Amino acid sequence: MHVLIFTLLNFFAADFAAARSVETPLFSSPTASENIVRFESTFVSQFKSLEQIEKLGPEERQRFVSGEVKPLMKFLFGPATRRKLGGPKGEDLITVAWERARVVRDRVELPIQYRGLWILDGAFAKRESFTLPVPRTPDLYSQKWKACGDSDPEHATPSFFWYFWDPSRFGCDHVSGVHYDDVVFTVGTATANEPLSYPEYSRMIRMKNGVQTLSMTIAFGYATDRQDPDPATDMDVGANEYRTFLRTVRGWNKEWKEEIITANQYPNVSSARVIGRKFTARLHGVETVIKVVINAGVDQMVLFAESFAHDHDAVFAWMGHSRVGEGFDAAKFRGLLHWHPNYYSISSEYQMIYWGGCNSYSYYTLPFFAFKAGRPGDPFGTRDLDIIAHGLPSYFILNAVNAESVATAVLNWPSRPSYQSILRELEESGAYVGTKLLAAVLGDEDNP
């Protein structure tokens, strides 16, 4: 497990609130707050007697918590996301009160205590508490369990169920006190919210082949995967947003040199399909390169790895599915670094990532800071990396306009747009279509 995650868990075990303000990344958002939340609930185990519990050794109890109890906590995403409340950061501390175990209806019930770091809508964060359903048993696959999730048939699978589960959905047959409990969550200490911070624009400009260069990759994703994709003509909202952004970039400068990007420019891809465009021009006295691509036959992780760990672009933005946390699997990325060290590497240069997909705050912040962490003077990876993320889902129809907000801020680097102005633009775009993103930036606390 990564250094940062170990550190976070240690903070939970010690005086988390005091340690956090000094030793972990800070936070900035115009609409959200980052808070410790706590609750107590009940887990119904498969044990039938207290004697079985007493026979468990310390390691067996730990395996039970990590293998049986902790997976249920993923179901918190469902009601928290659907009710536009927020979501967990991805690491939490779960404690079982073994001494308070009791047998009810031929099953051992275990009191559990939860403590985690969440992003919360600002209005919820001002409350002392809120209530959400918490599963009390893994036996959630009832006769009508699909009605407890999303109505889209593609999402009505066990692998997606945790993300969409909410017993308040129409037709759901889950019963309070049997499948779940309505539990009071206590809102605790808030992370310091940076009032004003800036990307490190000067560090985005590198010397490449003796020329000052600023490069970025803006990558789009399909809403629905295609067997034989054609980004130029496909009637897919993701492909349409990709084409919209291409037109936007062309309108920024009449002097762009435009080149095609084909799939076989990426490792282990043979197709010559056109998946993007590379725009080059001299702006503000700096060679500026914008690569706009789409995952048409090239996995989004490969698009990211090429930009972040091979080209070492100053900026990478992803405008597409998060794939419920599996789209940019940190373990898979670490594998690419391990097996292809001559091609991929983690740079000590400053980089910015914008994860423009759903719930990216929860999925893609801690694991990716960890890749930059550990260098002298940078134990948490924030010195050389800033991450803009969403705490809630984003609509595909926002992808082009949100990409424009981030890209134009970088292109206008002489005027130094602040992170807060970028985040406000993102939220304004969401508000225009009636949603909140809970856009936030992490890693900016050590920026000049």
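Please identify the cysteines of the chain that lack any partner cysteine with a Cβ under 4.7 Å from their own Cβ.
CYS358
So how do 238-249, 223-234 stack up, highest first, on mean other-Cβ count within 10 Å?
Ranked by mean Cβ neighbours within 10 Å, highest first: 238-249, 223-234.
Just the number, please: carbon plus sulfur as a percent of the accessible area of the chain, 1.4 Å probe, no ligands or DNA/RNA counted.
52
Under the definition of Cα pairs under 8 Å and six or more residues apart, what whole-number percent is the relative contact order of the chain?
It comes to 19 percent, rounded to a whole number.
Calculated from DSSP H runs of 4 or more alone, at -39500 (n - 2.57) each and per residue, what is the 222 nm mean residue ellipticity of the chain, nearest 500?
Theoretical 222 nm ellipticity from helices: -7500 deg cm²/dmol.
Please give, to one decimal in nm, the separation of the simple spin-label points placed at ARG323 and SER345, each 7 Å out from Cα toward the Cβ.
2.8
Considering the zone a paramagnetic label at LEU337 would reach in this model (a point 7 Å from Cα along the Cα-to-Cβ line), which residues of region 295-319 have amide N under 11 Å from it?
From region 295-319, the list is 309.
For region 137-295, just run the numbers: alpha carbon Rg, then divide by 2.2 N^0.38 Å, N being how many residues it has.
After normalising by residue count via 2.2 N^0.38 Å, the value is 1.58.
Over every pair of different alpha-carbon atoms in region 131-185, take the mean of 1/r and invert it; report that Kirkwood radius in Å.
11.3
With all pairs of different alpha carbon atoms counted, what Kirkwood hydrodynamic radius in Å does region 84-156 show?
15.6
Using 22 Å as the Cα-Cα cut-off, could you pick out the over-long pairs in LYS257/LYS372; LYS48/LYS70; LYS48/LYS144; LYS74/LYS144; LYS257/LYS291; LYS89/LYS436?
As for pairs spanning more than 22 Å Cα to Cα, those are LYS257/LYS372; LYS48/LYS144.
Once you have the Cα-Cα distance between VAL184 and GLN212, take 0.36 nm times their residue separation minus that, and quote the gain in nm to one decimal.
Answer, rounded to one decimal: 4.6 nm.
Please say if region 349-432 is rounded, prolate or oblate, where rounded means a/c under 1.5 for a ≥ b ≥ c the square roots of the C-alpha gyration tensor eigenvalues, and otherwise the choice is prolate for a/b larger than b/c and oblate otherwise?
oblate
Calculate the FRET efficiency for ARG127 and SER168 from the Cβ-Cβ distance with a Förster distance of 25 Å, rounded to the nearest 0.05.
After rounding to 0.05, the efficiency reads 0.85.
Rounded to whole Hz and in sequence order, give me ³J(HN,Hα) for region 226-237 from the Karplus expression 6.51 cos²θ - 1.76 cosθ + 1.60, θ = phi - 60°, writing x for Gly and Pro.
10, 5, 10, x, 10, x, 6, 10, 4, 8, 10, 4
Can you pull the percent of Cα pairs in region 286-353 with separation above 16 Å?
49
Looking only at the chain, where both bridge partners belong to it, what percent of the DSSP beta bridges are antiparallel (to the nearest 5)?
About 70 percent, rounded to the nearest 5.
Over the Cα atoms of region 329-376, each weighted equally, I'd like the Debye log10 I(q)/I(0) at q = 0.20, 0.28, 0.33 Å⁻¹, rounded to two decimals.
So the normalised log intensities work out to -0.80, -1.22, -1.27.
With all pairs of different alpha carbon atoms counted, what Kirkwood hydrodynamic radius in Å does region 107-227 show?
This gives a value of 19.5 Å.
Please compute the Cα-Cα pair-distance distribution of the chain with 10 Å bins starting at 0, giving whole percents from short to long.
All Cα pairs considered, the percentages come to 4, 20, 30, 25, 14, 6, 1, 0.
The values are calculated or read from the model by the stated rules, or taken from the named source; none is laboratory data. Predicted, not measured: the structure shown is a model, and the values here were computed from it. We place every Cβ from the backbone using ideal geometry, glycine too, and count neighbours over all the protein chains shown. Remember, those area values only see protein heavy atoms, side chains included, never the ligands or the DNA or RNA. Shrake-Rupley method; radii C 1.70, N 1.55, O 1.52, S 1.80 Å.
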